Amino acid sequence: YDEAIQSEEFQNFDKSEQSQKTRDFIFGTLGKNTNDDDLLDCLMTTICSGLSHDDDLYGPTIADAVDDYGKVGSRFELAAEFNIVSYNKVMMFNDAAYAKMSMAPLWTEIMDNIRPWLQADPGDAPKLAIFSGHDTTLMPLLASLGPKLWNETDWAPYASMLLIEIHELIDGRADKSVFKSDFAFRILFNGKILTGLIPGCPQDCELCDVSHLLDIVDIFTNQPPDCSVPGDDEEEEPASEVMVKTQKLMSTKEGILLLLGLVYIFDGTNAAVLSTNTAVGANVMEEEIVMLQENGFEDEPEERTSARGI
């Protein structure tokens, strides 16, 4: 993400005169940060609700700002375009690296349903798999397949649908120079066939050999998900040092008192230290225990009960 927004292409867009005017409008009139992901949702729900500048809920801010919706060059269209292009430029930067990384777990699950059908016996693999997602799911899925499948000025419409079909070539009439295997795939987005836009696929055919799909997605789907749980035969990674020290602290009376101190707001300077030092880590734990003692909590160091973190 940081590399994308620091790239020359993004900086040229972000520092353009039009972007600056739009940014001033978004921040000054709408009172929104240009990095807010909910900008489009905020504008669209205001329009769809029918609120105007006479409504006390919004006052002369967002409602006024979208009163020219539907007009050429409207402030809404400019704000929406700025938000869309900003998102897509990051998503598509460096051969859609951001899209591939974010969609790798989903592509892994999708391909887990497809790969069995490329074998002689698919076993109990489903013939139909349905996934429900967001606009920000469909766009990076398509962008991860090649630079021509998504435009930086486009946004997935409401109720969009992406279809990935697997076809077995069984009649023997397939051109072996095009279809090297016995399986092909077809991709449609909202009824439009996009297969020919995928690198390596013939532009004049609705189908493409499945090897091209595998070549693209295998690069970023052969990694274990970040949230995977080690199996019985896998060695579990050791907990981080911070987690170990936190568990050790929470096995003490002082640790329990510290946790309670985070829930309530105390008066005085010691409470401020209590609330701000929690993210610093184990290095300040002893100071916080002393602070609790200064607030009237007595230490009982002799007898402690150990506890195992869950």
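The values are calculated or read from the model by the stated rules, or taken from the named source; none is laboratory data. It should be emphasised that the depicted structure is a prediction, and the values quoted were computed from it without experimental measurement. Cβ sites come from the backbone with ideal geometry, for glycine too, and all protein chains shown count toward neighbours. The protein model used for the area step is the full one, side chains on, heavy atoms only, and it has no ligands, DNA or RNA in it. Shrake-Rupley method; radii C 1.70, N 1.55, O 1.52, S 1.80 Å.
In region 113-129, of all residues being among the small types (Gly, Ala, Ser) and either under 28 Å from the mean Cα position of the chain (by Cα) or open to solvent by 100 Å² or more (accessible area, probe 1.4 Å) (or both), the one that is nearest to residue 98 (Cα to Cα) corresponds to 129. Of everything in region 194-209 that is within 21 Å of residue 92 (Cβ to Cβ) and among the hydrophobic types (A, V, I, L, M, F, W, C), the residue that is surrounded by the fewest Cβ atoms within 10 Å (Cβ to Cβ) is 197.
If you go through region 87-105 and keep only what is over 19 Å from residue 190 (Cβ atoms) and either open to solvent by less than 40 Å² (accessible area, probe 1.4 Å) or small (Gly, Ala, Ser) (or both), you end up with 89, 90, 96, 97, 102, 104.
For residues that are modelled with pLDDT of 80 or more and acidic (Asp, Glu), scanning just region 56-86, find the one that is least open to solvent (accessible area, probe 1.4 Å).
So in region 56-86, the residues modelled with pLDDT of 80 or more come out as 77-86.
Next, from what is left, pick out any that are acidic (Asp, Glu): 77, 81.
Working: 77: 79, 81: 100 Å².
If we take residues in region 56-86 being modelled with pLDDT of 80 or more and acidic (Asp, Glu), then 77 is least open to solvent (accessible area, probe 1.4 Å).
If you check residue 117 against the conditions, is it of a type in the set (A, V, I, L, M, F, W, C) and touching a strand residue (DSSP E or B) at 6+ places or on another chain (Cβ under 7 Å)? It would help to see each step written out before you state the result.
Details: of a type in the set (A, V, I, L, M, F, W, C): yes; touching a strand residue (DSSP E or B) at 6+ places or on another chain (Cβ under 7 Å): yes.
Criteria met by residue 117.
Just to be sure before I move on: is residue 160 in contact (Cβ under 8 Å) with a residue 24 or more places away in the chain and outside any helix (DSSP H, G or I) in the structure I sent? Judged against the criteria, residue 160 is a match. Could you say whether any residue in region 163-178 is out of contact with any strand residue (DSSP E or B) (no Cβ under 7 Å at 6 or more places or on another chain), open to solvent by 40 Å² or more (accessible area, probe 1.4 Å) and either among the polar types (S, T, N, Q) or under 29 Å from residue 13 (Cα atoms) (or both)? Yes, region 163-178 contains at least one residue that is out of contact with any strand residue (DSSP E or B) (no Cβ under 7 Å at 6 or more places or on another chain), open to solvent by 40 Å² or more (accessible area, probe 1.4 Å) and either among the polar types (S, T, N, Q) or under 29 Å from residue 13 (Cα atoms) (or both).
Residues that are among the β-branched types (Val, Ile, Thr), assigned to a loop (DSSP other than H, G, I, E, B) and modelled with pLDDT of 70 or more within region 195-244 comprise just one, 198. Name the residue that is farthest from residue 82 (Cα to Cα), counting only residues in region 130-160 that are open to solvent by 50 Å² or more (accessible area, probe 1.4 Å) and of a type in the set (A, V, I, L, M). Selected residue: 130. Looking only at region 131-143, decide whether some residue is over 30 Å from residue 14 (Cα atoms), assigned to a loop (DSSP other than H, G, I, E, B) and either in contact with a Pro (Cβ under 6 Å, 6 or more places away or on another chain) or among the hydrophobic types (A, V, I, L, M, F, W, C) (or both). Yes: region 131-143 contains one or more residues that are over 30 Å from residue 14 (Cα atoms), assigned to a loop (DSSP other than H, G, I, E, B) and either in contact with a Pro (Cβ under 6 Å, 6 or more places away or on another chain) or among the hydrophobic types (A, V, I, L, M, F, W, C) (or both).
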